[in-house]
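Quick notes on the structure that follows.
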Amino acid sequence: MIGRAINKLTGASLLDEQSAARVRKLIEQGASLCAALNACGAPEEQSLRFLAEELGYSFVELEKQSIRKEFLLKFPARILLEQHILPLENGEEVVAVICDPFDTTGVDELRVATGRNFSIALAPLAEIDRCAKKYLGVGADTVQSMISEAGENGFQVIETDGDEDMDLTDAAEGASIIRFVNQILTEAIELRATDVHIEPFEEELRVRYRIDGVLQQASIAQEVKQFQSAIVSRLKILAKLDIAEKRVPQDGRIKIRIAGREIDVRVSVIPMLYGEAVVLRLLDRTSVLLGMDKLGMSDRDLRLSARILERPHGIILVTGPTGSGKTTTLYAALSHINHVERKIITIEDPIEYQLHGINQIQVSRKAGLTFAGGLRSILRHDPDVVLVGEIRDMETAEIAVQASLTGHLVFSTLHTNDAPSAMTRLVDMGIEPYLVSSSLEAVLAQRLVRLICPDCKMEVPAHERDALRAQYGEDLPEVLYRGRGCRECSQKGYRGRLGIFEFMMITDDLRSLILENASSRDLRRLATKQGMMSLREDGFRHLREGRTTIEEILRVTKDERFDENGAYVQGGE
């Protein structure tokens, strides 16, 4: 029967002869029809629509269906998730949506487990899995197993309070707890999340993922709350933290490997009102390193960058809040100047990318290796270029300045909101203005803006565009775009990010102002006259090129301009 179906797909030009032969071979090896079609690059949705019509089944567009979570909870989550089945209400009838019309073993298993009869409909595998996760929650099958194990093994369900007498180590090592934590991490990585927030509240344990810089709530079964302490203990065990200590914050690190990718997970545990909250920072060590021309810089900033990177000595700072892409920019710069003639050493916390040909040092507070101590040692190692992960204190800043004045090119990051504030921040740390003036070569402030999803990009209607132009003036282009929201972008309208930059070259005039201990506003005024674009102005460049939305630019920047008389004008967000 499958053979006839493949022949019909070939006759309908949905498969060519070569792909059809490969599909047959994969099915003989045990693959499902959908898996074989996907492996061969065949159009799954079109193929299933065709087969549904041939076999007398319905094809269901799940994103248009009204699905009730309460209805899905009537069926065993394990069967639904393992067999890729989604039950739908259709009056008195229950429709089992599957992806393979020739494999109904899952429907049979569901029929035995529930005692109900099902009619069959077809939908793509990815759509079934997406809806199941959305409505049942991540690890719904595992949650049922956790509840079952809690009863069978005789240990109590873990509560937020009063668990001193419970063996949390045994609970945390339970197979279902381990599997649930693995499912959370796996989904986060699949969704391209950079952070996972596990937050305890009175009635729920909330899990959120930071995707493209914005937090999104994960769908988690409410019953997970009762296993809160066991989940936190499992993460503590992985990070080699003290599971008995719940009164003070703890930090650790986990290394995991998923689908051949090595992920470094930074773990932060802090006691809150209703238990311990955990934040996991996910760092993909196998990420593809971007070149300078792929960061999103303007032609002007790229030219200035190329000039600055050829300097023999001095300090180059990249500033911005956490998660603004500073490290990626610095690594791109190091890769640009990474030649055999140069000795490059970095000291970082943590090492986010592994760079061939560059000597990298990991900060270790337990061993007493700090940024300042490591930097002193690096300078005795005959480097040409030094990267300090972050200037956090006066000691590190002083050594970085001295390194630049003794013939080294020094890269580092600083937490300031814009480029001009970097100078005043160094002075506030205790560095003399004359040292800042003589050592600093350039400051690059940056943010990341989300890009419009290319799969659902649409033009903003004329009346909305005109209203925005009336509000923001001629800075807005004639045509604006936004994302409609689709399955590829999880209905958000955005997918991926790109940098916006404020590049401040330290000219002789700026050095004179720094010597006078001028304010960051005065420094901004002069830098603007010399051609520096603010973060918002650079963001509008991406807007004109149709890459992002006005809402996204306003989200990450503020309006900082000067009128024709040189007076500072600060607009609203």
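The values are calculated or read from the model by the stated rules, or taken from the named source; none is laboratory data. Since the structure is predicted, the reported quantities are computational estimates derived from the model, not experimental observations. Virtual Cβ from ideal backbone geometry, glycine too; neighbours counted across all protein chains shown. Ligands, DNA and RNA are stripped out before the accessible areas are found, and what is left, the full protein with its side chains, is counted by its heavy atoms. Shrake-Rupley method; radii C 1.70, N 1.55, O 1.52, S 1.80 Å.
Which residues, taken from segment 198-227, are assigned to a loop (DSSP other than H, G, I, E, B) and open to solvent by 30 Å² or more (accessible area, probe 1.4 Å)?
Within segment 198-227, Phe201, Glu202, Glu203, Glu204, Ser219 meet the criteria.
For segment 265-305, which positions are within 21 Å of Ala422 (Cβ to Cβ) and of a type in the set (Gly, Ala, Ser)?
Hits for segment 265-305 are Gly296, Ser298, Ser305.
When the residues of segment 240-268 are narrowed to those that are in contact with a strand residue (DSSP E or B) (Cβ under 8 Å, 6 or more places away or on another chain) and assigned to a loop (DSSP other than H, G, I, E, B), which ends up surrounded by the fewest Cβ atoms within 10 Å (Cβ to Cβ)?
Applying the filter and picking the extreme gives Arg247.
In this structure, is Leu369 modelled with pLDDT under 95 and either surrounded by fewer than 22 Cβ atoms within 10 Å (Cβ to Cβ) or among the acidic types (Asp, Glu) (or both)?
Yes: the conditions hold for Leu369.
Would you check if there is a residue in segment 426-442 being under 21 Å from Leu295 (Cα atoms), touching a Lys or Arg at 6+ places or on another chain (Cβ under 8 Å) and not hydroxyl-bearing (Ser, Thr, Tyr)?
Checked against the condition, which is being under 21 Å from Leu295 (Cα atoms), touching a Lys or Arg at 6+ places or on another chain (Cβ under 8 Å) and not hydroxyl-bearing (Ser, Thr, Tyr), segment 426-442 yields at least one hit.
Can you tell me which residue in segment 430-441 is most open to solvent (accessible area, probe 1.4 Å), limited to those that are at negative phi and not hydrophobic (A, V, I, L, M, F, W, C)?
It comes out as Tyr434.
Select from segment 80-102 the residues that are surrounded by 13 or more Cβ atoms within 10 Å (Cβ to Cβ), closer than 18 Å to Val112 by Cβ and at pLDDT below 85 and list them in ascending order.
Leu81
Here are some conditions: (1) farther than 22 Å from Thr319 by Cβ; (2) out of contact with any strand residue (DSSP E or B) (no Cβ under 8 Å at 6 or more places or on another chain). Ser519 meets all but one. Which one does it not meet?
Only one criterion in (1) farther than 22 Å from Thr319 by Cβ; (2) out of contact with any strand residue (DSSP E or B) (no Cβ under 8 Å at 6 or more places or on another chain) is unmet by Ser519, namely (1).
Checking the structure you have, find out if any residue of segment 502-524 is open to solvent by less than 20 Å² (accessible area, probe 1.4 Å), modelled with pLDDT of 95 or more, in contact with a Gly (Cβ under 6 Å, 6 or more places away or on another chain) and not small (Gly, Ala, Ser).
No: zero hits.
Scan (1) in contact with a helix residue (DSSP H, G or I) (Cβ under 6 Å, 6 or more places away or on another chain); (2) at pLDDT 95 or above for the single condition Leu409 breaks and write down its number.
Leu409 satisfies all of (1) in contact with a helix residue (DSSP H, G or I) (Cβ under 6 Å, 6 or more places away or on another chain); (2) at pLDDT 95 or above except (1).
Looking at segment 37-149, what helices (runs of 4 or more DSSP H) fall wholly within it and have at least 2 residues that are in contact with a strand residue (DSSP E or B) (Cβ under 9 Å, 6 or more places away or on another chain), within 26 Å of Ser176 (Cβ to Cβ) and in contact (Cβ under 8 Å) with a residue 12 or more places away in the chain?
Filter on segment 37-149 gives 69-72, 105-114, 125-136.
Given the conditions (1) at positive phi; (2) in a helix (DSSP H, G or I), which single one is not true for Gly30?
Only one criterion is unmet by Gly30, namely (2).
Pairs only if they're at least six apart or on different chains, beta carbon under 8 angstrom, first in segment 460-477 and open to solvent by 30 Å² or more (accessible area, probe 1.4 Å), second part of a helix (DSSP H, G or I); list them, first residue then second.
Every condition considered, the pairs that remain are Leu468/Ile550; Tyr472/Ile550; Asp475/Phe540.
Which of the helices (runs of 4 or more DSSP H) contained wholly in segment 335-439 include at least 3 residues that are free of Cβ contacts under 8 Å to residues at least 40 places away in the same chain?
Where helices (runs of 4 or more DSSP H) fall fully within segment 335-439 and carry at least 3 residues being free of Cβ contacts under 8 Å to residues at least 40 places away in the same chain, they are 371-379, 394-405, 420-429.
If Arg487 satisfies all but one of (1) at pLDDT 95 or above; (2) surrounded by fewer than 22 Cβ atoms within 10 Å (Cβ to Cβ); (3) not hydrophobic (A, V, I, L, M, F, W, C), what's the number of the condition it fails?
Checking Arg487 against (1) at pLDDT 95 or above; (2) surrounded by fewer than 22 Cβ atoms within 10 Å (Cβ to Cβ); (3) not hydrophobic (A, V, I, L, M, F, W, C), the one that fails is (1).
Give the residue that is farthest from Arg525 (Cα to Cα), with candidates limited to residues of segment 405-429 that are in contact with an Asp or Glu (Cβ under 8 Å, 6 or more places away or on another chain) and surrounded by 19 or more Cβ atoms within 10 Å (Cβ to Cβ).
The selected residue is His408.
Of all residues in segment 41-79 being open to solvent by 50 Å² or more (accessible area, probe 1.4 Å) and among the aliphatic types (A, V, I, L, M), which is modelled with the highest pLDDT?
Here the answer is Leu55.
Which residues, counting only those in segment 317-334, are in a loop (DSSP other than H, G, I, E, B) and either of a type in the set (Val, Ile, Thr) or open to solvent by 10 Å² or more (accessible area, probe 1.4 Å) (or both)?
Selection gives Pro321, Thr322, Gly323, Gly325.
Give the number of residues within segment 172-197 that are in a loop (DSSP other than H, G, I, E, B) and either closer than 18 Å to Ala277 by Cα or open to solvent by 40 Å² or more (accessible area, probe 1.4 Å) (or both).
Matching residues across segment 172-197 total 3.
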